Amino acid sequence: MGVELIDTHAHLDYPDFSQDLEAVIARASDAGVTRIISIGTGIESSRRAVALAERFPNVYAVVGIHPTNVTEEGLDFLPALRELAQHPKVVAIGETGIDYHHVPEELKSLTPQTDYLQFQTTDDTGRLLAEDVWKNAQADAFRMQLDLAEEFGLNAVIHQRSAWHDTLAVLSPYTGRVRGVFHCFGGTPEEAEEVRSLGHLVSFTGIISFKNADQVRVTAAAVPADGYMVETDCPYLAPVPYRGKRAEPFHTRIVAEQVALARGITLEEVAAASSQTAETFFRFQRSGRAS
Ligand SMILES: [Zn+2]
């Protein structure tokens with residue numbers, strides 16, 4: 001023991017944890033995972049994350065709209081999100097970003113005459129325009145959340161999937177004003193360097209333990225000591241030997257062990273470096289340290 005790790009990306013508000021959350025958090029503490037950041041994916045989810053942060057001293061909240069929820073939430077989320085962002089245990093805004101991997105069902109099945117996000121499509125051109133509307137809505141929601149982060153002096157937790165260039169295009173103007181962490185990073189060392197050169201960070205999940213994840217290990221070995229954090233993204237992405245099961249925050253220790261292995265350093269060194277990075281990235285001091 002002796003290490004102090006932070007699970008910088010967990011979804012403790014998901015129903016997967018509703019039956020045994022206290023045991024889950026106790027197991028994390030026993031494994032040296034002393035702080036857990038619960039990430040909101042919509043207004044209701046963000047509210048639940050804040051409620052969990054109020055209930056557990058070592059749980060903190062990040063509030064935001066996940067890019068795949070933008071269609072459902074619409075673009076009038078700002079007043080509710082602004083209110084949540086004022087909570088002293090909200091340590092960043094997110095998860096926000098751009099995701100073109102998960103195409104909404106209604107867009108996939110879009111036919112002429114379908115109304116999509118109030119856009120009346122009439123032909124194939126209309127279908128393409130509806131796709132633009134979907135992409136623009138994600139970019140707008142992303143920008144609104146980056147603006148909110150700047151307003152509150154907070155950083156942003158970023159979800160990017162199949163949208164590398166568009167994500168960086170939205171984020172680039174914010175360099176020097178808002179920092180982002182590209183969570184669940186699966187890119188190359190060059191992409192990690194591009195992120196770093198713009199002032200941002202990456203974080204690694206249990207994927208680093210997967211057999212086919214050589215690239216993640218290569219990137220984890222290459223990033224500078226102050227350029228990464230560790231996370232679980234639980235309940236998803238449980239590391240080996242729990243792969244396929246429910247992930248939980250104590251797995252952060254396994255992720256950190258894998259990062260240590262990739263970098264050829266000790267778990268203690270990874271814990272110290274990644275926790276120090278998280279300490280400066282997230283606004284824990286808004287509410288003071290909870291032991
Ligand atoms: Zn997530």
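Observations
- Candidates S172, S209, filtered to the one that is more than 16 Å from the ligand (Cβ to nearest atom), touching a residue at least 24 places away in the same chain (Cβ under 8 Å) and closer than 20 Å to E257 by Cα: S209
- Residue in the range 33-48 that is more than 19 Å from the chain's Cα centre (by Cα), open to solvent by less than 20 Å² (accessible area, probe 1.4 Å) and either away from the ligand (no atom under 12 Å from the Cβ) or at pLDDT 95 or above (or both) present: no
- Selection status of D124, at pLDDT below 90, closer than 22 Å to E73 by Cα and open to solvent by 80 Å² or more (accessible area, probe 1.4 Å): no
- Just one of the listed residues (V24, V59) is crowded, with 18+ Cβ neighbours inside 10 Å, under 18 Å from the mean Cα position of the chain (by Cα) and not hydroxyl-bearing (S, T, Y), namely V59.
- Of all residues in the range 155-173, those satisfying the criterion of being out of contact with any strand residue (DSSP E or B) (no Cβ under 8 Å at 6 or more places or on another chain) and either of a type in the set (S, T, Y) or farther than 19 Å from H66 by Cα (or both) are S172, P173.
- Residues located in the range 212-255, provided they are buried (at least 19 other Cβ atoms within 10 Å of the Cβ), more than 16 Å from the ligand (Cβ to nearest atom) and either of a type in the set (S, T, N, Q) or not in a loop (DSSP other than H, G, I, E, B) (or both): V216, R217, T219, A220, Y228, F250, R253, I254
- Among the conditions (1) open to solvent by 10 Å² or more (accessible area, probe 1.4 Å); (2) within 13 Å of the ligand (Cβ to nearest atom); (3) within 24 Å of L5 (Cβ to Cβ), L52 misses just one, which is (2).
- Given (1) part of a helix (DSSP H, G or I); (2) in contact with a Leu (Cβ under 8 Å, 6 or more places away or on another chain), index of the condition A192 fails: (2)
- Count - residues of the range 127-154 that are more than 20 Å from N69 (Cβ to Cβ), assigned to a helix (DSSP H, G or I) and either open to solvent by less than 40 Å² (accessible area, probe 1.4 Å) or at pLDDT 95 or above (or both): 3
The values are calculated or read from the model by the stated rules, or taken from the named source; none is laboratory data. Values in this document were obtained by computation on a predicted structure and should not be read as measured data. Here the Cβ is made from the backbone with ideal geometry for all residues, glycine too, and neighbour counts use every protein chain on show. These area figures cover heavy atoms from the full protein model, side chains too; ligands, DNA and RNA do not enter into them. Shrake-Rupley method; radii C 1.70, N 1.55, O 1.52, S 1.80 Å.
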